[in-house]
1. Treat every Asp and Glu Cβ in the chain as -1 and every Lys and Arg Cβ as +1, leave all other atoms uncharged, and give the resulting dipole magnitude about the Cα centre to the nearest 20 debye.
2. Once R0 is set to 45 Å, what does the formula 1/(1 + (r/R0)^6) return for the Cβ-Cβ distance between F6 and F101, expressed as a FRET efficiency to the nearest 0.05?
3. Could you compute Rg(Cα) / (2.2 N^0.38 Å) for the chain, with N its residue count?
4. Would you check the chain for Lys pairs whose C-alpha atoms are within less than 17 Å, ignoring same-chain pairs closer than 8 in sequence, and give me the count?
5. Only four residue types carry charge here, +1 at the Cβ of Lys and Arg and -1 at the Cβ of Asp and Glu. Report the dipole size of the stretch 78-192 about the Cα centre in Debye, rounded to the nearest 20.
6. Under unit Cβ charges (Lys, Arg +1; Asp, Glu -1), what dipole magnitude, rounded to 20 debye, does the stretch 57-109 have relative to its Cα centre?
7. For the stretch 26-58, which trypsin sites (Lys or Arg not before Pro) are in a loop by DSSP, counting at most 13 other Cβ atoms within 10 Å?
8. Which whole-Hz couplings ³J(HN,Hα) result when phi for each residue of the stretch 16-32 is put into the Karplus expression 6.51 cos²θ - 1.76 cosθ + 1.60, θ = phi - 60°, listed in order with x for Gly and Pro?
Amino acid sequence: MAIADFSLTGKVAIVTGASRGIGEAIARGLAENGATVVLASRKQADLDTVARAITDAGGAALPVACHTGKPEDIAQLFDRVLAEYGRVDVLVNNAATNPYFGPMIDATESVFDKTFEVNVKGYFMMAQRAARIMVDQGGGSIINVASIGGISPLLMQGVYSMTKAAVISMTKAFASELGGAGVRCNAICPGLTNTKFAKVLIDTPEIHDMFVGQVPLGRHAEPREMVGAAVYLASDASSYTTGSVIVCDGGYLA
Ligand SMILES: NC(=O)c1ccc[n+]([C@@H]2O[C@H](COP(=O)([O-])OP(=O)(O)OC[C@H]3O[C@@H](n4cnc5c(N)ncnc54)[C@H](OP(=O)(O)O)[C@@H]3O)[C@@H](O)[C@H]2O)c1
C-alpha cells in the first residue's frame, strides 16, 4: 500500500465552474488521477470542449449544463449523475460570481442578491444534495473553493468577500455535522489567480503590482497551482482532514 493514496480511480466527482479557469484545471487534475468527472457550468459548448480534452487524454468526463444559482438546474444535474453513475464521491463547489468592484456603501441590492445566490445559496444547495447521497453511501468529500477574501476582506470586493466568509463557515458546519457519516468537507482559498474572473485585476498594472507587492512569492498564481490541494482533499490521502481551509496564496496572508 502506498504511504499516501492520491488515486481517484473509481470515484465520481462533480466540479462546478469546470468550463474554464480554476474549475477546468481541477477537473482535469481529478480526471488525470483517475476520477470520472462531471463538468457543470452554464454554457454547454464550453463544457463539451473541456470534456473532449479530458477524454482525448484518456480520462472520463460528462458535461452537463447547470446554473448553480437555480435549484431546478441543480436537481436536474444530480438526477442525471445518479442515473448515469449511481453515486457521487467528490463535489468541488467552484462556480462563483463577482459582478461588482467598488465600495460596500454603493453596492446595490441586486449585486448583493446575485452574489449571494450563486456563491452561497448555490454552494449550499449543491453541498446539501451531495451530502445526502454521500451519507447514504457511507462517505465522500466536499471541497468548497472559497477565497483569501473570505479570511480577510479584499479591497473593493466587500460583498464578494462576505460570500466567501460564508463559504468557509458553511465548510466547517458541514464538516462538524457530517464527520460521523464519513463525509469530509474542506475549503481551498486561492489568492490572485490568472483567470477570466481576475482578468481586470491582473491586466490593470496599478492593481496587479499593488497586490503582488504583498505576495511573498512575488507573482500571481496559475490555475494549475490549485490542483494539488484539490486532488489531496478529494483523495484518501486526506482521510483525516475535515473542516480545514487550505490557503494557496503565495503567502499573501502570511
Ligand atoms: N481567479 C482568482 O483570482 C480567484 C481568487 C480567489 C478565489 N477564486 C475563486 O475560484 C473560483 C473559480 O474562479 P475562476 O477564477 O476560475 O473564474 P472563471 O475563470 O471566471 O470561471 C468561472 C467558472 O464558473 C462558471 N460559472 C459562473 N457563474 C456560474 C453559474 N451561475 N452557474 C454555473 N457556473 C457558473 C463559468 O462558466 P459559465 O460562464 O459557462 O457558467 C466558469 O466555468 C471561484 O469560486 C472564485 O471565487 C478565484
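All of the numbers you see were taken from the coordinates with simple rules; none came from a lab. Just so you know, these numbers come straight off a predicted model, no measurement behind them. Positions of Cβ are generated from backbone atoms using ideal geometry, with glycine treated the same way; all protein chains shown enter the neighbour counts.
1. That gives a dipole near 200 debye.
2. 0.75
3. 0.96
4. 8
5. 220
6. I would put it at about 180 debye.
7. K43
8. 8, x, 8, 7, 6, x, 5, x, 4, 4, 5, 4, 4, x, 5, 5, 4
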